[in-house]
1. Based on the Kirkwood radius over alpha-carbon pairs, what value in µm²/s does the Stokes-Einstein equation return for the translational diffusion coefficient of the chain at 4 °C and 1.567 mPa s?
2. If I model segment 207-258 as equal point scatterers sitting on the Cα atoms and use the Debye formula, what is log10 I(q)/I(0) at q = 0.27, 0.30 Å⁻¹?
3. Report, please, the projected area of segment 276-325 averaged over directions, based on the convex hull of its C-alpha atoms, in nm².
4. If the cut-off is a Cα-Cα distance under 17 Å, which lysines reach residue 309, setting aside same-chain residues fewer than 8 apart in sequence?
5. Name the long-range amide H neighbours of residue 261: under 5 Å, sequence gap of 5 or more, or other chain; modelled H, no Pro or chain starts.
6. Beyond 21 Å, how much of the Cα-Cα pair distribution for segment 127-232 remains, as a whole percent?
7. On average, how much accessible surface per residue is there in segment 348-410, in Å², for a 1.4 Å probe, leaving out ligands, DNA and RNA?
8. Going Cα to Cα from residue 228, which lysines come in below 20 Å? Please leave out same-chain ones fewer than 8 positions away.
Amino acid sequence: MSLNRIAAFLIVAAAIGVVSTVTVPAQSSGIKAFTGARVIDGTDRAPIDNATIVVREGRIVSVGPAGRATVPAGAERVSLTGKTVIPGLINAHGHVGNTVGLQQGKYSRENVLHDLKTYAAYGVTTVYSLGDDQEAGFKIRDAQNTPALDHARLYVAGPVLSPKSPEDARRLVDEVAAMKADIVKIRVDDNLGTSTKMPPDIYKAVIDESHKKSMRTAVHLFYLEDAKGVLDAGADFIAHSIRDKDVDEPVIAMLKRRDVCVCPTLMREVSTFAYETTPSWFSDPLFLKHVDPKTVEQLKEPARQEQMKNSKSAQRYKVALEQASKNLKKLADSGVKIAMGTDTGPPARFQGYFELMELELMAKAGLTPKQVLLSATRDAARCQKLDQNLGTLEANKWADFVVLDADPLANISNTRKIADVYVAGNRVAR
Ligand SMILES: [Zn+2]
């Protein structure tokens, strides 16, 4: 069959419903124009009504009012009239590859891709994994700079380091640097007094060696005093809220002096106690759409719920959530940069859906919808040094965005009203 006859066949076939979609063969222009939406571009600028977003080869060419837009001939037009567009959400602290049911699954390419598709289905188009990353994850990261991408982007930390001595620390950091990880991750925590905390001489060596290798160190922590210790040692990213006490002026000054970001991960706390009963979101169709039903059934088991109810640590983390929320508001008001993050990925910390809940918890803590959105887009990108390519809808950045049926600046919960999600200008399967 000639090309013309193939095309004619496809058109007829589509008309009579034999095939549901027609793929135009060969030379499509690779240019797309998304028209008619209200665009919140993730910068400080006011939203643009009736905007046109032109995308070429997965990147934004221009964003502006329709009247000033030039749509190249041959562009594929996508009408988004009546919708609101926001930059794709960036989770500055997640995990991938281990999420089969409540058991730790086997880290595999399939599992990582499954997770990245789940994140994207909820509008989370970038995930910065802070640990437990293996080779398959590195390979997926290395292959993602393509206009054909159709899942969330991934950045990786490699293994979480737990060195036994300063020498060991330097050796392990060198290994992570050789793997070409995006960041070094450590934990400085005693898990509510149940384990040994990494001592200062060791975390100092980790941070110092990271800097020598031009890498940043992200620190898991819980206590205010540890935050001061690691900041004094040069830590670059605070991967959880300070949860034992009110943040004070000295720690705020330390964070601001080097523009170190704090990642609240409020949903991490929620996951530690929420399953003492059956949480209300277990009946939300948006949640159920991408969750493993067996996991939900297991979390509903009365014996398991009773165990959580009686868990001392669960009850302490419940209090810690209140402290974290209070500190989030104070830090944001003080001008400390907040990077939205959740610590999703481990069992029962549901990727994608939890990020949408995190936004709501941040608003509940007292942040405005605009502050919440910025922390989940532009600021998360800046905090993880991704802002050259991600975080806002501006020329030359990847066309990663979420199409909403309602305006999230009016109510942050409107981020749940997802019509479509695009990564590199490609509509992702949901
Ligand atoms: Zn984590």
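The values are calculated or read from the model by the stated rules, or taken from the named source; none is laboratory data. Keep in mind it's a predicted model, so treat the numbers as computed, not measured. For neighbour counting, all protein chains shown are included, and Cβ atoms are generated from backbone atoms with ideal geometry for every residue, glycine included. These area figures cover heavy atoms from the full protein model, side chains too; ligands, DNA and RNA do not enter into them. Shrake-Rupley method; radii C 1.70, N 1.55, O 1.52, S 1.80 Å.
1. Answer from the Stokes-Einstein relation: 57 µm²/s.
2. -1.07, -1.24
3. On the way: hull surface 16.7 nm².
Mean projected area of the Cα convex hull: 4.2 nm².
4. Those lysines meeting the cut-off are 300, 318.
5. Excluding prolines and chain starts, which carry no amide H, the hits are 238.
6. 38
7. So segment 348-410 comes to 31 Å² accessible per residue, rounded to a whole number.
8. Within the straight-line limit of under 20 Å, residue 228 reaches these lysines: 185, 197, 204, 245, 256, 326, 329, 330, 337.
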